[in-house]
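Student: Sharing a structure here in structure tokens format.
The values are calculated or read from the model by the stated rules, or taken from the named source; none is laboratory data. Bear in mind the structure is a predicted one, so any value in this text is a computation, not a measurement. In this analysis, Cβ positions are derived from the backbone assuming ideal geometry, glycine residues included, and neighbour counts consider all displayed protein chains. For accessibility, only protein heavy atoms count, side chains too; no ligands or nucleic acids. Shrake-Rupley method; radii C 1.70, N 1.55, O 1.52, S 1.80 Å.
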Amino acid sequence: MAHFARLNKDNIVDYVVVGRDEDNGMEDRLTARTGDVYKQTSYNTRGGVHYQADGTPSADQSKAFRKNFAGLGYTYDAQRDAFIPPKPFNSWVLNENTCQWDAPVAKPNDDKMYSWDEGTQSWVEMAGA
């Protein structure tokens, strides 16, 4: 299945529709038929990598395009030809390679669960997790 994101006047995704994979040129046809702007998005793509159903990277990375699967509220950046998720916190910085947001402090690499505390700009271990 192919997925297509409809963009509002500010290039924000406000709708995602499913089409057939074999519909080459569907972006242009949807745009011409509706007057809205549509961009194809790759369902299993995150951070510029296409993944298989089991979570491992696909051997065929030609399926990875536009950096991230477009979700509602994502921004389409035409210069990067990428979908960028909403910024989760003011302190986070856009990673130019993945078009995802990075915390200013690396998350601890252990089995515990953490949440971001914007006030202290640190990762806080979640109680009872």
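Student: For the charge dipole of the chain, defined by +1 on Lys and Arg C-beta atoms and -1 on Asp and Glu C-beta atoms about the Cα centroid, which residue among Val105, Leu7, Leu94 has the Cα displaced farthest towards the positive pole?
Tutor: About the Cα centre, the residue reaching furthest to the positive side is Leu7.
Student: Additional query: Out of residues 5 or more away from Ala2 or on other chains, whose amide H comes under 5 Å of its own, with H placed 1.01 Å from N in the peptide plane?
Tutor: For Ala2, the qualifying residues are Gly19, Arg20, Asp21.
Student: Per residue, how large is the accessible surface of the chain? Use a 1.4 angstrom probe and give square angstrom.
Tutor: 64 Å²
Student: Does region 89-129 come out rounded, prolate or oblate by the C-alpha gyration tensor, with a ≥ b ≥ c the root eigenvalues, rounded set by a/c under 1.5 and, if not, prolate when a/b is larger than b/c and oblate if not? Please report the intermediate quantities before stating the final value.
Tutor: Values: a/c = 2.90, a/b = 1.64, b/c = 1.76.
Taking the square roots of the gyration eigenvalues as a ≥ b ≥ c, region 89-129 is oblate.
Student: What is the Cα centroid distance between region 1-59 and region 73-120, reported in whole angstrom?
Tutor: What the calculation gives is 21 Å, centre to centre.
Student: Please list, or write none, the lysines whose alpha carbon is within less than 20 Å of the alpha carbon of Lys107, excluding same-chain residues fewer than 8 places away.
Tutor: Qualifying lysines at Cα under 20 Å: Lys87.
Student: Within 12 Å, Cβ to Cβ, of Thr34, how many net charges do the neighbouring residues add up to if Lys/Arg are +1 and Asp/Glu are -1?
Tutor: Values: positive: Arg6, Arg29, Arg33; negative: Glu27, Asp28, Asp36.
In short, 0.
Student: Could you pull the accessible area for Val124 with a 1.4 Å probe, rounded to 10 Å²?
Tutor: We get 60 Å² for Val124.
Student: So what is log10(I(q)/I(0)) for region 1-42 at q = 0.15, 0.16, 0.24 1/Å, when the Debye sum runs over its Cα atoms only?
Tutor: Normalising to I(0) and taking log10 leaves -0.30, -0.34, -0.74.
Student: Oh, and also: Going by accessible area, probe 1.4 Å, with all protein chains left in place, what is the ranking of Arg46, Arg33, Arg66, largest first?
Tutor: Details: Arg46 125, Arg33 175, Arg66 35 Å².
Result of the area sort, largest leading: Arg33, Arg46, Arg66.
Student: Would you mind telling me the share, in percent, of accessible area of the chain contributed by carbon and sulfur at probe 1.4 angstrom?
Tutor: Ligands and nucleic acids excluded, carbon and sulfur reach 49 percent.
Student: Further question: Scaled to the compact-protein estimate 2.2 N^0.38 Å, what is the alpha-carbon radius of gyration of region 24-129, rounded to two decimal places?
Tutor: The reported ratio for this selection is 1.32.
Student: Given the DSSP H assignment, sum -39500 (n - 2.57) over each helix run of at least 4 residues in the chain and divide by its residue total; what's the result at 222 nm in deg cm²/dmol, nearest 500?
Tutor: Counting only the DSSP helices, I get -2000 deg cm²/dmol.
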